[in-house]
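This report concerns only the one structure given below.
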Amino acid sequence: MGEQDWSENRPIPAHIPPGQVLKVQLDARGWTPKALAEIINKSPKVVKGIIEARTHITPDIAIRLAQALDTSVEFWLTLEVNYRLHLARRRIRAHELAQIRRKSRLYTLTPVDELIQRGWIDQPQSLDDLENAVCAFLGINSVQEVPALAVALHPSRQLKPKTVAQIAWLRRVEHLVWHQEPLNFERERFMAEIPQLLWLANLAENVVEVPQKLREMGIHFVIVPELPPAIIDGVTYVKAGRHIVALTLRRPEIDAFWFSLMRQLACIALGYTVSEQDGLFIWDADQQSQDANADEAQKVQAVDKWAADQLLPPEKYQTFITENEGNFSRANIKAFASDIFRYPGIVVGRLKHDGLLKWKWHRRLQVNIYPALSAWIDTPGQY
């Protein structure tokens, strides 16, 4: 291609500097760089810099050149972009581009920074270390695989940030469970000991005994704080013969803790516990209603009702509501809670959930149980 062909009507190779094209345009008109500078109201230094490929053609300059040389603005901008891309591709080595693709895949599979920050994987010394650590954490052989849990959570979807966070959270749950001694689960014993577990709901300080009681019931129990953007309350499932219950303590109030826990136990009591082959019955507070089909929605309702009725006997709760006719004073709530052997904050939480009590009322009764369970909460670098 000759220089006379360097016009808007012909494609120009990316390796040609825009200034070289500009020089041809000026020569064709018999203009000097100084003359062009005068025409476009720019200093000769700017025009000379463009011709020598030291100055970029900005949108402002492209507009001026288009008017002066009877071309489109896009012609000059395209020349500049293509040339700068050409230079960038020469600077960035193929090895570095390959590394970028590898890291992109890792961050697509899991929230890498969060895993490192929480100590779920070690701080890598190299990209190979990071790749091996992510594969080991997710239980996959290579980064080209998709973690099996993705199928269980959303069979028809590609990996999305929320799903990726769910998978990572669940994998951490499993890592913690595998560090526990295997427990013997017997359904009859589990059902028989639920009333004993609920005796612990009488006092706030009793929550510290809940994890050990669950172990006696054959339940592997762990608490792993939620991993944004997934908004998870908890999960219940069976893997390798282990009955697993995990909570996030997304809401650390005593009423939220007990209701979330009883929801998980309801899955077992009602026979909704699933295995890794069946999928996961995951309590995702942000999505459970949107994604649930009719059968799943019915299960959710049944689980919610079972959990609520176990915490507050329905007939007594309804009588309490009727007799107080909206006068839910602190004294009345405490008296009812004492009668059913429950901590008052649990009653407060239920009243608020049912829309019978304003959210700002009796908040002191909804004590924070996070400190009491601190020994059971997953902490950075635990394993």
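Each value in this text was obtained by applying a stated rule to the coordinates, not by laboratory testing. Keep in mind the model is a prediction, meaning the values are calculated, not measured. Because the Cβ atoms are built from the backbone with ideal geometry, glycine has one as well, and the counts that use them run over all protein chains shown.
How high is the relative contact order of the range 187-376, given as a whole-number percent (alpha carbon pairs under 8 Å, six or more residues apart)?
Across the range 187-376, relative contact order equals 25 percent.
Provide the descending list of Cα extents for the chain along its principal axes, expressed in whole angstroms.
102, 50, 38
What is the local net charge at residue 306, summed over the other residues whose Cβ is closer than 11 Å to its Cβ (Lys, Arg +1; Asp, Glu -1)? Could you put the intermediate results ahead of the total?
Details: positive: 263, 299, 305; negative: 304, 309.
Neighbour charge sum, excluding residue 306 itself: +1.
Between residue 324 and residue 360, what is the spin-label point distance in nm, taking each point 7 Å from the Cα along the Cα→C-beta axis?
2.0 nm
Evaluate the charge dipole of the chain about its Cα centre and quote only its size in Debye, nearest 20, assuming +1 on the Cβ of each Lys and Arg and -1 on the Cβ of each Asp and Glu.
1260 debye
State to the nearest 20 debye the size of the charge dipole of the range 189-274 about its Cα centre, where the only charges are +1 on K and R beta carbons and -1 on D and E beta carbons. Show your work: numbers first, answer last.
Values: 8 positive and 8 negative charges, 71 e Å.
Dipole about the Cα centre, nearest 20: 340 debye.
Pick out, from 237, 361, 218, the residue whose Cα sits farthest towards the positive end of the charge dipole of the range 187-376, with +1 on the Cβ of Lys and Arg and -1 on the Cβ of Asp and Glu.
Value computed over the given set: 361.
Would you calculate the separation in nanometres between label points at residue 240 and residue 189, each defined as 7 Å from the Cα along the Cα-to-beta-carbon direction?
Output for this residue pair reads 2.1 nm.
Could you state, as a whole-number percent, how many of the C-alpha pairs of the range 96-145 are farther apart than 13 Å?
Looking at the range 96-145, the distances longer than 13 Å represent 52 percent of pairs.
Expected output is a single nm value to one decimal: the length gained when fully extending between residue 45 and residue 88, i.e. 0.36 nm times separation in residues minus the C-alpha distance. What is it?
13.0 nm
Which of the listed residues, 196, 332, 72, is farthest toward the dipole's positive end in the chain, when Lys, Arg count +1 and Asp, Glu count -1 at the beta-carbon?
The Cα lying farthest towards the positive end belongs to 72.
Quote to one decimal, in nm, the extra length available between residue 250 and residue 202 on full extension: 0.36 nm per residue of separation minus the C-alpha distance between them.
15.1 nm
Once you keep just the Cα pairs under 8 angstrom separated by 6 or more residues, what percentage relative contact order results for the chain?
That works out to 13 percent.
Could you tell me how many cubic angstrom of Cα convex hull volume the range 3-91 has per residue?
84 Å³
With the cut-off at 19 Å, report for the range 187-376 the share of all Cα pairs above it, as a whole percent.
Working: 10697 of 17955 pairs.
Roughly 60 percent, once rounded to a whole number.
Residue 209 to residue 178: FRET efficiency via 1/(1 + (r/R0)^6), r the Cβ-Cβ distance, R0 25 Å, to the nearest 0.05?
On the way: r = 24 Å, r/R0 = 0.96.
The computed FRET efficiency comes out at 0.55.
Residue 297 to residue 9: extension gain in nm, 0.36 nm per residue of separation minus the Cα-Cα distance?
So the chain would gain 97.4 nm between residue 297 and residue 9.
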